[in-house]
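Take a look at the structure set out below.
The values are calculated or read from the model by the stated rules, or taken from the named source; none is laboratory data. All values derive from a computational prediction rather than experimental measurement. Virtual Cβ from ideal backbone geometry, glycine too; neighbours counted across all protein chains shown. What goes into the accessible areas is simple: the full protein's heavy atoms, side chains included, and nothing from ligands, DNA or RNA. Shrake-Rupley method; radii C 1.70, N 1.55, O 1.52, S 1.80 Å.
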Amino acid sequence: MSHEFSLTSIPDLNGRYDIYGAIHKGLRKAGCDLLARLGSADFQNVEETAFLIEDLRHYLMLAASHVSHEDDHIHVALAEKGVSTVLLDEQHDDHRTAFRELEELIAAWEKAWPLHRAACGRKLYLAFAVYIADDFAHMHEEEAVTGPLLWRNFTDDEMLGIEMRIIGSLPPEKSMAFMRIMIPAINPAERAALLGAMKKDAPPEIFQAVIDFAVRPGLSEGDFARLAGALKLAA
Ligand SMILES: [Fe+2]
């Protein structure tokens, strides 16, 4: 797959609604963390690698889910405005092929004889590296090219509506899983804005569950204290 983009044409947000920002930061950080773990893993050690494989499958499930949210909600909305999403659709199809191939490589490691485990692990590491490289280029296309197309065709309220339809389509445990990868990946101002909106709109027990299970475990003590101050959380 080839990607053509100019690094100097990255648009400024200029206060516009950024539908891709937080989730793409989350996918980038979680993908890089996993790549580093796959690089340093002892694939001969079945017990240790099993945890890594579980996290990798979880990441691939979230990535596949993210791709279909964009198809169903963002690409459909653009198509209704007569805007072509052919390139993004092809890239999403490439992603689905990569998800199948990565699952085959995971299964190959699981079934491998002890002597073959290290070689299977190396194949998986390389395949995951090239998948996230492709995904980084693809997400760049979405943020540098599709983002401005969205701004031209939709108001910020309409964009918020698209995002709310995506969030509304998710079962609670999946929303929580997305929050767990997004919160440590975004900056303090973004965390305060995202969670401030949630504090205002969500039932208090849901907000508290997000803080306990998706926010606090992923932040350092200092980052959590800064966020708690911004959100005026009770100590
Ligand atoms: Fe995408």
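Taking region 139-170 as the search range and keeping residues that are away from the ligand (no atom under 12 Å from the Cβ) and small (Gly, Ala, Ser), which one is farthest from the chain's Cα centre (by Cα)? By that ranking, first place goes to GLY161.
Across region 22-74, the qualifying residues are those that are more than 16 Å from the ligand (Cβ to nearest atom) and either β-branched (Val, Ile, Thr) or not assigned by TED's automatic domain parsing to the domain that holds ARG117 (or both), and the one among them that is most open to solvent (accessible area, probe 1.4 Å) is VAL46.
In region 115-141, the residues that are open to solvent by 30 Å² or more (accessible area, probe 1.4 Å) form Cβ pairs under 6 Å with partners that are within 16 Å of the ligand (Cβ to nearest atom), at six or more places apart or across chains, as follows: ASP134/MET1; HIS140/PHE5. For region 206-216, indicate whether the set of residues that are within 16 Å of the ligand (Cβ to nearest atom), assigned to a helix (DSSP H, G or I), open to solvent by less than 30 Å² (accessible area, probe 1.4 Å) and not acidic (Asp, Glu) is non-empty. Among the residues of region 206-216, not one is within 16 Å of the ligand (Cβ to nearest atom), assigned to a helix (DSSP H, G or I), open to solvent by less than 30 Å² (accessible area, probe 1.4 Å) and not acidic (Asp, Glu), which makes the answer no. Residue under question is PHE136, and the condition is that it be within 16 Å of the ligand (Cβ to nearest atom) and part of a helix (DSSP H, G or I); does it hold? For PHE136, the condition - within 16 Å of the ligand (Cβ to nearest atom) and part of a helix (DSSP H, G or I) - is met.
For region 26-50, name all the residues that are charged (D, E, K, R) and either without any contact (Cβ under 8 Å) to a residue 40 or more places away in the chain or in contact with an Asp or Glu (Cβ under 8 Å, 6 or more places away or on another chain) (or both). Hits for region 26-50 are ASP33, ARG37, ASP42, GLU47, GLU48. Open to solvent by 20 Å² or more (accessible area, probe 1.4 Å), assigned to a helix (DSSP H, G or I) and polar (S, T, N, Q) - does that describe any residue in region 171-186? Scanning region 171-186, I find at least one residue that is open to solvent by 20 Å² or more (accessible area, probe 1.4 Å), assigned to a helix (DSSP H, G or I) and polar (S, T, N, Q), so the answer is yes.
Of note, ARG152 does not satisfy the criterion of being over 20 Å from LEU27 (Cα atoms), among the basic types (Lys, Arg) and buried (at least 19 other Cβ atoms within 10 Å of the Cβ).
Hey, any hits in region 7-21 for a residue that's at pLDDT below 95, of a type in the set (A, V, I, L, M, F, W, C) and in a helix (DSSP H, G or I)? Checked region 7-21: at least one residue is at pLDDT below 95, of a type in the set (A, V, I, L, M, F, W, C) and in a helix (DSSP H, G or I). Please tell me if LYS123 is assigned to a helix (DSSP H, G or I), more than 16 Å from the ligand (Cβ to nearest atom) and closer than 25 Å to LEU195 by Cα. So LYS123 fails the test. Kindly check whether there is at least one residue in region 98-114 that is within 16 Å of the ligand (Cβ to nearest atom) and either at pLDDT 95 or above or under 23 Å from THR146 (Cα atoms) (or both). Taking every residue of region 98-114 in turn, at least one turns out to be within 16 Å of the ligand (Cβ to nearest atom) and either at pLDDT 95 or above or under 23 Å from THR146 (Cα atoms) (or both).
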